[in-house]
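Chemist: Can you keep this structure in mind? I'll have questions shortly.
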Amino acid sequence: MNIREENLKIVHQLYSAFSKRDINTIVGLLSADVEWGEPENPFNPAGGTRHGHQGFIEWLNIGQKAEDILILEPKKMLTNDDSVAVVGYMKCRAIPTGKMYESDFVHLVTIKAGKVTKFQEFFDTYIAGEAFRE
């Protein structure tokens, strides 16, 4: 298996673990110094960048209290030797307001030595922020 196929396998494992809410598997796929981020937004409590396994767990705990992810559907994966770009669609509900939002997304996953070293999420932060506004 070449490096690009290995990277795709790791990313598929990551999304599978997310769909099963298998936190131990997710953490096992992350490097100890992973950088995990999504765009800053004053209304989205999970926005920003966090570092390490503890930072990922912090992001996860904030996210679980803030929103329900109803659909997280990867549609296309593009890869090179050190990263995978995942293009997809998501639909979420902001728990504090009950408002729904949906957006296309791109997740850029950087991989080194078989571990995720960086996960950066891009999506429509405006509509997400509006869903969290009272």
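The numbers here are math on the coordinates, done by the rules we state, and not lab data. The structure displayed is predicted, hence computed values, not measured ones. When we count neighbours, we look across all protein chains shown, and the Cβ atoms used for this are built from the backbone with ideal geometry, even at glycine.
Chemist: I want the local charge near residue 25. Using Cβ-Cβ distances under 15 Å, sum +1 for each Lys or Arg and -1 for each Asp or Glu among the other residues.
Modeler: +3
Chemist: Moving on. In terms of Cα to Cα distance under 18 Å, which lysines are near enough to residue 115, apart from those fewer than 8 places away along the same chain?
Modeler: Candidates past the 8-residue exclusion: 9.
Chemist: Given just the C-alpha atoms of the chain, how large is their convex hull per residue in cubic angstrom? Numbers along the way, then the final one.
Modeler: On the way: hull volume 12.3 nm³, N = 134.
Cα convex hull per residue, to the nearest whole number: 92 Å³.
Chemist: Could you state the number of Å between the C-alpha centres of the range 1-75 and the range 84-134?
Modeler: 10
Chemist: So what is the 222 nm mean residue ellipticity for the chain from helices alone, if each DSSP H run of at least 4 adds -39500 (n - 2.57) and you divide by all residues, rounding to the nearest 500 deg cm²/dmol?
Modeler: Numbers: 4 runs with 48 residues, N = 134.
Using -39500 (n - 2.57) per qualifying helix, the result is -11000 deg cm²/dmol.
Chemist: Give, as a single signed number, the net charge of other residues whose beta carbon lies under 9 Å from the beta carbon of residue 123, with Lys and Arg counted +1 and Asp and Glu -1.
Modeler: With Lys, Arg at +1 and Asp, Glu at -1, the net is -4.
Chemist: Rounded to the nearest 0.05, what FRET efficiency do residue 134 and residue 20 give with R0 = 35 Å and r taken as the Cβ-Cβ distance? Could you check?
Modeler: 0.60
Chemist: Additional query: Enumerate by residue number the trypsin sites (Lys or Arg not before Pro) in the range 1-67 meeting two conditions: DSSP loop (anything except H, G, I, E, B), and at most 16 other Cβ atoms within 10 Å of the site's Cβ.
Modeler: Passing both the DSSP loop test and the Cβ count: 21.
Chemist: Follow-up. Convert 25 °C to kelvin, take the viscosity as 0.890 mPa s, use the Kirkwood radius over C-alpha pairs of the range 1-50 as Rh, and evaluate the Stokes-Einstein diffusion coefficient in µm²/s, rounded to a whole number.
Modeler: In µm²/s, the coefficient rounds to 195.
Chemist: To continue, here is another question. So between residue 32 and residue 127, what do we pick up on full extension, going 0.36 nm a residue minus the alpha carbon distance?
Modeler: 31.0 nm
Chemist: Still on this structure, please answer the following. Using only Cα atoms, tell me the angle between helix 3-20 and the longest principal axis of the chain; keep it within 0 to 90° and round to the nearest 10.
Modeler: Tilt of helix 3-20: around 40 degrees.
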